[in-house]
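Let me begin by presenting the structure, written as structure tokens, before commenting on it.
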Amino acid sequence: MSAKGPKEHDPRWVAQVTDELVAGVKAKAVDGKVTCPVLRKFAEDQGVSYKVAGTAADMAGVRVHNCDLDCF
């Protein structure tokens, strides 16, 4: 367990997250997790940056795993 506390979100990315993005990330998740390639493809399909998609995942309570590029 981390002693850092809750993750802080950059307001620039939070302002771009919509309810639809959060719901879309939740729909892609399996057991509360989504793979990095799936989230990158989702971001591209939605026309948002990886940072926005990652923030949406955080806001949805979805963990990103198998991240090779450290985008999220």
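Scanning the stretch 1-43 for residues that are closer than 10 Å to Ala56 by Cα, of a type outside the set (A, V, I, L, M) and part of a helix (DSSP H, G or I), which turns out modelled with the lowest pLDDT?
Among residues in the stretch 1-43 that are closer than 10 Å to Ala56 by Cα, of a type outside the set (A, V, I, L, M) and part of a helix (DSSP H, G or I), the one modelled with the lowest pLDDT is Trp13.
In the stretch 49-72, how many residues are closer than 17 Å to Val14 by Cα and over 11 Å from the mean Cα position of the chain (by Cα)?
0
Looking only at the stretch 35-58, count every residue that is more than 15 Å from Gln16 (Cβ to Cβ), of a type in the set (D, E, K, R) and in contact (Cβ under 8 Å) with a residue 24 or more places away in the chain and tell me the total.
Final tally of qualifying residues: 1.
The values are calculated or read from the model by the stated rules, or taken from the named source; none is laboratory data. Just so we're clear, the structure is a prediction, and the values are computed from it rather than from any experiment. Backbone-built Cβ (ideal geometry, glycine too); neighbour counts: all protein chains shown.
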